[in-house]
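Student: I'd like to ask you about the structure that follows.
The values are calculated or read from the model by the stated rules, or taken from the named source; none is laboratory data. Being a predicted model, the structure only gives us computed values, none of them experimental. Counting neighbours? That spans all protein chains shown, and the Cβs are built from the backbone with ideal geometry, glycine included. In case anyone asks, the SASA skips ligands and DNA or RNA and just uses the protein heavy atoms, side chains included. Shrake-Rupley method; radii C 1.70, N 1.55, O 1.52, S 1.80 Å.
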Amino acid sequence: MTDSEKPTLLVVDGHSLAYRAFFALPVDNFSTKDGQHTNGIYGFLSMFVNLVKAEQPTHLAVAFDTSRHSFRTDEYPEYKANRSASPAEFTGQIPLLQEALAAMNVTVLTKEGIEADDILATLATEGAAAGYDVLVCSGDRDTIQLVTDDVTLLYPSVQGVSQLKRYTPDAVVEKYGLPPANYPDIAALVGETSDNLPGVPKVGEKTAVKWLNQWGSLDALLENADKITGVVGGNLREHLDDVRRNRSLNALLRDVELPVGPDDLAVQPIDAEAVRDIFARLEFRTLLPRVFDALGGDADEASTAAPTVAAPVAAEVDPAGARAWVDAQEGELALTVTVEGGLPARIGIASLDAAVEAPWSDDIAEALRDWLESDAPKVLTDAKPQVKALRRAGVALGGLSFDPILAGWLVRPSFPDKTLGDLVGRYLDEKLPEADPRQLVPETEGATPGQLGWYALRVTERIREEMPASVAAVLTDIELPTLGALADMELAGVAISHEKLSAFSSELAARADDIATRAYAEIDREVNLGSPKQLQDVLFEQLHLPKTRKTKTGYSTDAAVLADLQESNPHPFLDLLLQHREATKLRQIIESLDVAIGPDGRAHTTYLQTGSQTGRLSSTDPNLQNIPIRNEESHRIRAAFEVGEGYETLLTADYSQIEMRIMAHLSGDEGLIEAFNSGEDLHRFVGSRVFGVAPADVTPAMRTKVKAMSYGLVYGLSAFGLSKQLRIDQSEAKLLMTEYFARFGAVRDYLRESVAQARVDGYTETIFGRRRPFPDLASPNRVLRENAERAALNAPIQGSAADIMKLGLLHIHDQLITDGLRSRVLLQIHDELVVEVAPGEGDAVESIVRQRMGDAAELSVPLDVQIGRGANWDVAGH
DNA sequence: TCTGATACGTA
DNA sequence: CGTACGTATCAGAC
């Protein structure tokens, strides 16, 4: 083997280099939205990637310190004792950095009681002996001693971590005047301030080198210390022990026992998906391609890149051909319907081997109807719009067996994988061919419907591999059937009276104008009342009101703050501002509803099935899940939601206190279970227990307090938050919590236990097995960790409620169809459904709704369903 | 034209 | 220092 063919081993001191990066890069530019600092991680990885690309090592490892404690501190407790503790902002980055390196399949080494440099020394020594060219990268000068003909040190220069100086034996001699092996002797004499190792006073590098050259070795020098003249000679004689101690401590261990040797450190292909995951969490974008560039496609590794198989060319078929092709297939197929103007345009069908496609037509609909409507398993990517298009074309799709978008969301609810392209990137590490929309004559052809199906099937295989059984059950039993119900609800829409809305809108506009005029009079000028910035100027500069809660850009002017101000420093402007806000907000909502009314007189919302991290739906365009209900004018808005033509009435049904019922079920708290079984009003019951009075003697104030407490529990409320909410002393809030938990102790036990379990598992689970990961429960960043704890507390409760509502919804939807009723579900608002009832079906529908919602889950407390009917939503609601 | 911050509507 | 969402508006960056 010639020199040029020798393998190259690169070993890196992760700790010291990340630490340098931490101080070199501004924290402000390197923080995630959640507040996690990433400057050390970014700086290290950036340097690391450049290094790997430049040096092309065949073998690779990164070592870290475990703690400040090591065998050196055992020997000499003052070792490094002068160093201030690493800032928590730095130490918190280390686990994430290690996670990123693990995702890159870079070996990370640590050993209790051993410093990173000792690990480097050991690997360098073993590597050189085994015939490697060794590169050591460290920010600790002690590693100079490792340099030999086979070992080169890469040391960050003062300019920054990106500039590395190469120390070969010649370079060391040039800089220090002595060979690398003597460097620790110099350091022992001079001392190392940063390690709290004092040397001989007045002795610097020059003197040390002179002495060592003169006497040939440190031992010889120390033996002849009495022959050195002058003040420095005296200093040396007084500090002989210090020098010996320094020399003993700065010698790096070369025989640390490690679980791996150099041969085990061959560069591995990176785990592309894991790297994407962690980089997404760290919000690194530009670094991602650099990592793939440096570590991604190593041509020497045969197994590195999964061979990219070209998608089959989809054969264009006629209706008979399509039918014949489908009949010849076995098992699950992918179906892709392209939608134009809400109707099917083309259809593609794929297996893992082949694909066909055709333009949509009545003929193909008839040719394929049996198959489309049958239970034959079909994979559709983002199925809902396609299901809707088919339904508009008179085809009721059956056999939906998988939707990669839904499945990907169930597996990783926090990830923004909204397209097949995202999933192809994540799960296949390939790029879905997409036509560049900016080009009139596309250079790159996009995948055709048939090919999209082929990709969908391959992604499906991969997602199924990593889906736990409980999550797969949620997909099959809840999400896929819900998808069909949602498609019908969106198609149906809800009738809204434009007349009612526009009349109210004009009224509100006039009201807002009037309020604004009066507000301007109060401050003798006109400002934009919708601009928080201008309002700050008015409130705090002009009116000299006391500064309020701080925000990122100044001081808050939100409703709670304004109400507080009005109490402490009454001013007519404040009240007018609040009124103006209310009027304009209502008008906004009305306007957005009005423009959403279609030619059919109905608004068709879109339910985002993957829009939340807990399992809830969300609603957009328009959002029909946040229609006002609290104040007087909101009734007029709800009154505009009317029963449609050809129907008799609207029926609303909502679960009462479903989250507290789930809390009772999950905690098994006997008091809470009794509350729900007693038939007594929940808050009255709880209030009587907490305050030790008869239910009839629970005052409204008591009820308000326990109600806030009960609801707060579900969100991880603190005594501070409770006191703020109820405007009571923190001590009183604390007392309330104590009393509450004294009566309902199992609730507290459950909440504690569920977070502890989530910390162990890394995720929470609903009653039905829906999971939500919480990596931040392990974060050393307190803000991140406590946010995660509250979310983890809430997730199983909110998520179980969402599961139950979905089951109720889809059971009602299905039974209305099987019973041949025309009535239909229109809206879902988390714990409420709105149903449009066909003439004469009222009682049947009410019975179905009550039964199906009530039976959606078998809990240790009953599910109570409140039902109302009326010609509009305001009357039907209660 | 796009994005972040603020404010506010719902469960 | 209370969870989960979507939308409108302003202001500043591009």
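Student: Taking A:Gly762 as the residue in question, decide whether it is away from DNA strand B (no atom under 16 Å from the Cβ), open to solvent by less than 60 Å² (accessible area, probe 1.4 Å) and touching a Pro at 6+ places or on another chain (Cβ under 8 Å).
Tutor: So A:Gly762 passes the test.
Student: Do any residues in segment A:555-566 that are within 15 Å of A:Gln579 (Cα to Cα) have Cβ atoms under 7 Å from those of residues that are charged (D, E, K, R) and more than 7 Å from DNA strand B (Cβ to nearest atom), where the two are at least six apart or on different chains, and which pairs are they?
Tutor: Correct list of pairs: A:Val561/A:Arg549; A:Gln566/A:Asp575.
Student: So A:Pro179 fits all but one of (1) modelled with pLDDT of 80 or more; (2) open to solvent by less than 40 Å² (accessible area, probe 1.4 Å); (3) more than 30 Å from A:Phe415 (Cβ to Cβ); what number is the exception?
Tutor: With (1) modelled with pLDDT of 80 or more; (2) open to solvent by less than 40 Å² (accessible area, probe 1.4 Å); (3) more than 30 Å from A:Phe415 (Cβ to Cβ) applied to A:Pro179, the lone miss is (2).
Student: Looking at A:Leu17, A:Leu60, which one is surrounded by 23 or more Cβ atoms within 10 Å (Cβ to Cβ) and modelled with pLDDT of 80 or more?
Tutor: From the options A:Leu17, A:Leu60, the qualifying one is A:Leu60.
Student: Only residues that are basic (Lys, Arg) and within 16 Å of DNA strand C (Cβ to nearest atom): list them for segment A:683-741, please. Break it down stepwise before answering.
Tutor: At the first step, the residues of segment A:683-741 found to be basic (Lys, Arg) are A:684, A:689, A:703, A:705, A:707, A:724, A:727, A:734.
Residues satisfying the conditions are A:Arg703, A:Lys705, A:Lys707, A:Lys724, A:Arg727, A:Lys734.
Student: Looking at segment A:652-685 only, could you name the residues that are closer than 18 Å to A:Arg748 by Cα, outside any helix (DSSP H, G or I) and open to solvent by less than 20 Å² (accessible area, probe 1.4 Å)?
Tutor: A:Asp669
Student: When segment A:609-633 is examined, which residues are found to be open to solvent by 70 Å² or more (accessible area, probe 1.4 Å) and more than 9 Å from DNA strand B (Cβ to nearest atom)? Even if it seems obvious, please write down each step before you answer.
Tutor: Applying the first criterion (open to solvent by 70 Å² or more (accessible area, probe 1.4 Å)) to segment A:609-633 yields A:613, A:616, A:621, A:626, A:629-630, A:632.
Matches in segment A:609-633: A:Gln613, A:Asp621, A:Glu632.
Student: Then there is this: Going by what's in this entry, would A:Ile589 be described as at pLDDT below 95, within 31 Å of the chain's Cα centre (by Cα), of a type in the set (A, V, I, L, M, F, W, C) and within 16 Å of DNA strand C (Cβ to nearest atom)?
Tutor: yes
Student: May I pose another question? Against the conditions (1) closer than 20 Å to A:Gly868 by Cβ; (2) touching a Pro at 6+ places or on another chain (Cβ under 6 Å), where does A:Leu650 fall short? Just the number, please.
Tutor: (2)
Student: Inside segment A:476-574, counting only helices (runs of 4 or more DSSP H) that do not spill past its ends, which hold 3 or more residues that are closer than 30 Å to A:Leu397 by Cβ?
Tutor: Those helices (runs of 4 or more DSSP H) span A:480-492.
Student: Out of A:Asp558, A:Asp564, I need the residue that is exposed (fewer than 15 other Cβ atoms within 10 Å of the Cβ) and among the acidic types (Asp, Glu). Which one?
Tutor: Working: A:Asp564 fails: exposed (fewer than 15 other Cβ atoms within 10 Å of the Cβ).
Only one candidate passes the filter, namely A:Asp558.
Student: Just name the residue that is farthest from A:Ser70 (Cα to Cα) out of those in segment A:221-259 that are assigned by TED's automatic domain parsing to the domain that holds A:Thr73 and surrounded by fewer than 12 Cβ atoms within 10 Å (Cβ to Cβ).
Tutor: So the residue we want is A:Pro259.
Student: Right, something else. Mind checking whether some residue in segment A:141-155 is more than 46 Å from the chain's Cα centre (by Cα) and assigned by TED's automatic domain parsing to the domain that holds A:Arg83?
Tutor: Scanning segment A:141-155 turns up at least one residue that is more than 46 Å from the chain's Cα centre (by Cα) and assigned by TED's automatic domain parsing to the domain that holds A:Arg83.
Student: Tell me, which residue of segment A:510-536 that is over 14 Å from A:Leu574 (Cα atoms) and at pLDDT 90 or above is farthest from DNA strand C (Cβ to nearest atom)?
Tutor: It comes out as A:Asp514.
Student: Just checking, how many residues over segment A:194-240 are assigned to a helix (DSSP H, G or I) and in contact with a Gly (Cβ under 9 Å, 6 or more places away or on another chain)?
Tutor: Adding up the residues that qualify gives 10.
Student: Does A:Ile405 satisfy being β-branched (Val, Ile, Thr), modelled with pLDDT of 95 or more and within 25 Å of A:Gly321 (Cβ to Cβ)?
Tutor: no
Student: Only one of (1) within 13 Å of DNA strand C (Cβ to nearest atom); (2) farther than 30 Å from A:Leu475 by Cβ fails for A:Ser618. Which number is that?
Tutor: (2)
Student: Here is a further query. Looking at (1) under 26 Å from A:Ser531 (Cβ atoms); (2) away from DNA strand B (no atom under 15 Å from the Cβ); (3) free of Cβ contacts under 8 Å to residues at least 60 places away in the same chain, which one does A:Pro599 not meet, given that it meets all the others?
Tutor: In the conditions (1) under 26 Å from A:Ser531 (Cβ atoms); (2) away from DNA strand B (no atom under 15 Å from the Cβ); (3) free of Cβ contacts under 8 Å to residues at least 60 places away in the same chain, A:Pro599 misses (1) alone.
Student: State which residue pairs qualify: first residue within 16 Å of A:Ser667 (Cβ to Cβ) and part of a helix (DSSP H, G or I) and inside segment A:686-714, second residue among the hydroxyl-bearing types (Ser, Thr, Tyr) and within 16 Å of DNA strand B (Cβ to nearest atom) in any location, beta carbons under 8 Å apart, and separation of 6 or more residues or different chains.
Tutor: What qualifies is A:Val686/A:Ser710.
Student: Sticking with this one: Pick from A:Leu722, A:Leu717: which is over 14 Å from A:Phe691 (Cβ atoms) and not in a helix (DSSP H, G or I)?
Tutor: A:Leu717
Student: With (1) part of a loop (DSSP other than H, G, I, E, B); (2) over 44 Å from the mean Cα position of the chain (by Cα) as the list, and A:Lys111 as the residue in question, which single condition is left unmet?
Tutor: (2)
Student: Taking the stated definitions as given, is A:Glu591 in a helix (DSSP H, G or I), open to solvent by 30 Å² or more (accessible area, probe 1.4 Å) and more than 10 Å from DNA strand B (Cβ to nearest atom)?
Tutor: Details: in a helix (DSSP H, G or I): yes; open to solvent by 30 Å² or more (accessible area, probe 1.4 Å): yes; more than 10 Å from DNA strand B (Cβ to nearest atom): yes.
So A:Glu591 fits the description; yes.
Student: Would you mind stating whether A:Asp422 is under 19 Å from A:Leu288 (Cβ atoms) and either open to solvent by 40 Å² or more (accessible area, probe 1.4 Å) or of a type in the set (Val, Ile, Thr) (or both)?
Tutor: Yes; evaluated as a whole, the condition is true for this residue.
Student: Still on this structure: Pull up segment A:634-651, narrow it to residues that are more than 10 Å from DNA strand B (Cβ to nearest atom) and charged (D, E, K, R), then point me to the one that is most open to solvent (accessible area, probe 1.4 Å).
Tutor: A:Glu645
Student: On to the next question. Confirm whether A:Arg438 is over 24 Å from the mean Cα position of the chain (by Cα) and modelled with pLDDT of 95 or more.
Tutor: Answer is no for this residue.
Student: Could you give me the residue pairs with C-beta distances under 8 Å whose first residue belongs to segment A:770-799 and is of a type in the set (Val, Ile, Thr), whose second residue is open to solvent by less than 40 Å² (accessible area, probe 1.4 Å) wherever it lies, and which are 6+ apart or on separate chains?
Tutor: Pairs found: A:Val783/A:Gly35; A:Ile797/A:Glu659; A:Ile797/A:Ile662; A:Ile797/A:Met663; A:Ile797/A:Val714.
Student: When A:Ala116 is evaluated against the numbered criteria (1) open to solvent by 10 Å² or more (accessible area, probe 1.4 Å); (2) at pLDDT 85 or above; (3) in contact with a strand residue (DSSP E or B) (Cβ under 9 Å, 6 or more places away or on another chain), which criterion, by number, is the only one it fails?
Tutor: (1)
Residue by residue, here is whether (1) over 30 Å from A:Thr766 (Cβ atoms); (2) small (Gly, Ala, Ser); (3) within 16 Å of DNA strand B (Cβ to nearest atom) holds:
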| position | (1), (2), (3) |
| --- | --- |
| A:Gln725 | no, no, yes |
| A:Ile728 | yes, no, no |
| A:Lys734 | yes, no, no |
| A:Thr738 | no, no, no |
